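The values are calculated or read from the model by the stated rules, or taken from the named source; none is laboratory data. Please read all numbers here as calculations on a predicted model, not as lab measurements. Positions of Cβ are backbone-derived with ideal geometry, glycine not excepted, and every protein chain shown enters the neighbour counts. Only protein heavy atoms, including side chains, enter the accessible area calculation; ligands, DNA and RNA are left aside. Shrake-Rupley method; radii C 1.70, N 1.55, O 1.52, S 1.80 Å.
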Amino acid sequence: MVVLVLVLLVLAPRGSSIMALDPAGGCPDLNTALKTYLGSATLADAERWGCDVTRVRRAEATQIATDAIRALSLHQPPTRPITAYLAMFELIVNKSSQSVELLVANKSDEVSAAIEMAGFPDEMAGLQEEAGVLRRFSCRVPKVVHFIKTDGDPARFGLVQWLAIKAAHDRIRPDRIWLWSVVRPEGEWWERASELVELVQLNPVMPLIGQKEIMYAAHYSDLVRLQVLLLHGGIYLDWDAIVLRGFDALLDGPDQLVMGWEKKVPNFQLAVSNAVMIARPRAALLQKWLKALASIFDPSCYTCHSVGYAPQLVRDHPQLVQVEPWTSFCFPGWEEAAASLLFDQNPDPLDKHKFEASYAIHLFGSHANLVHHLDRLTLHAIKTIENNFNRLVRDLVL
């Protein structure tokens with residue numbers, strides 16, 4: 001059994017509090033959850049407890065439609081047959097979460113116009129109030145960025161990590177950025193980054209995956225990113241992934257989950273990168289992935305359960321994920337030629353054509369071909385040395 005319990009503590013709260021995982025689990029009676037969704041027990045709680053999301057959404061949407069129709073009928077005989085009102089809410093009643101989105105976002109003006117035509121304009125206010133509750137739990141990807149630090153070294157937070165956070169902040173413009181960490185980082189770059197992020201305390205004791213101990217901090221991070229995205233949704237970024245442009249086109253797409261291929265290199269395994277992951281809460285493929293970890297996790301294999309296993313998931317469930325070309329998140333790769341393209345001095349202006357397909361670049365910061373470039377990176381070098389990497393991030397440091 002995969003251990004799912006994390007101890008979460010908001011160390012630097014800004015805005016609403018972060019919901020902790022419920023270690024007790026269990027779905028309460030659906031009717032109880034529905035009746036109290038405007039009280040202390042919310043629809044979000046029902047979803048977090050593992051209730052069937054489709055049933056919850058359909059039941060709640062049906063209730064909203066029924067209440068609205070009843071309210072209209074009580075005032076006076078409607079100027080249009082009641083079947084017309086039923087037709088207006090047909091999407092809501094019959095099509096579950098998709099139709100909830102239509103009411104909450106795209107079609108609310110049409111609903112309002114129909115109510116006004118019927119002579120009951122005041123009823124829209126009450127309907128919109130209830131729709132506002134649903135809006136918070138819509139199927140859209142939340143514009144929240146997650147970074148994860150699972151090593152226990154407070155000093156291991158440098159310029160590259162600050163650049164990753166700053167790029168996400170300036171270029172994605174998220175509602176918030178969370179750093180999930182087993183320790184509070186220290187040092188100059190953390191002090192700068194702390195102005196942009198909310199720090200969330202992870203349990204420093206690594207859990208078991210199945211009955212197997214986690215040997216590497218990276219494996220703990222592999223687990224946490226699945227849990228965090230399942231619970232909250234949003235954008236996960238490795239802390240050496242530098243965002244180049246906004247993600248809105250990916251957030252507003254029809255897919256529950258967006259990932260990207262890594263570059264196919266001869267004699268190396270085909271991999272789907274988990275350095276950038278964009279997900280709605282409760283994305284089905286992530287649920288399958290997390291469930292599979294108990295049987296596939298091998299503590300001695302660095303990537304067998306992660307980027308090495310992801311291609312199988314993609315093949316088996318292509319309808320549950322959009323896989324971007326490798327250039328979207330992993331250009332130019334980890335080979336020596338990639339390091340040269342980024343870090344060799346070059347007096348010519350940045351060839352933007354080479355990077356125009358990229359939403360972000362993953363720096364593969366632990367790879368021998370790149371690590372020595374990143375270790376000697378300084379703020380002064382970014383400002384003064386002419387190479388492609390420095391040109392890509394220079395606006396972040398000025």
Rounded, prolate or oblate: which fits region 138-258 when a ≥ b ≥ c are the square roots of the eigenvalues of the alpha-carbon gyration tensor, with rounded for a/c under 1.5 and prolate only if a/b beats b/c?
oblate
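Relative contact order for region 214-300: what percent, with Cα pairs under 8 Å and sequence separation of 6 or more? Intermediate results must be reported in sequence, preceding the final value.
Details: 88 pairs, mean separation 34.8, N = 87.
Normalised by residue count, the contact order of region 214-300 is 40 percent.
Ignoring ligands, DNA and RNA, what accessible area per residue does region 194-266 give at 1.4 Å, in Å²?
So region 194-266 comes to 36 Å² accessible per residue, rounded to a whole number.
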Show me 220-230, 263-273, 148-158 ranked by packing, highest mean number of other Cβ atoms within 10 Å first.
220-230, 148-158, 263-273
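Going through the cross-link list K263/K291; K263/K354; K166/K383, which pairs have a Cα-Cα distance over 25 Å in this structure? Write out the running numbers ahead of the final one.
Working: K263/K291 27 Å; K263/K354 15 Å; K166/K383 16 Å.
Beyond 25 Å between Cα atoms: K263/K291.
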So what are the three principal axis dimensions of region 251-298 from its Cα atoms, in whole Å, longest to shortest?
35, 29, 14
Evaluate E = 1/(1 + (r/R0)^6) for L208 and D252, where r is the Cβ-Cβ distance and R0 equals 41 Å; express this FRET efficiency to the nearest 0.05.
0.60
Would you please report the Å³ per residue occupied by the convex hull of the alpha carbon atoms in region 310-398?
116 Å³
Which ³J(HN,Hα) values in Hz, rounded to whole numbers, follow from the phi angles of region 210-221 under the Karplus curve 6.51 cos²θ - 1.76 cosθ + 1.60, where θ = phi - 60° and Gly and Pro get x?
x, 10, 10, 6, 7, 9, 10, 4, 4, 6, 4, 4
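Quick one: length gained pulling R192 to Q269 fully straight, 0.36 nm per residue minus the C-alpha distance?
Taking R192 through Q269 to full extension adds about 23.9 nm, to one decimal.
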Average Cα contact separation per residue, region 247-380, under 8 Å, 6 or more apart, as relative contact order %:
26 percent
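State the three equivalent ellipsoid semi-axes of region 236-368, derived from the C-alpha gyration tensor as the square roots of 5 times its eigenvalues, in descending order and whole Å.
27, 19, 12
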Counting only protein heavy atoms and leaving out ligands, DNA and RNA, the solvent-accessible surface of E186 at a 1.4 Å probe, in Å² to the nearest 10, equals 110 Å²
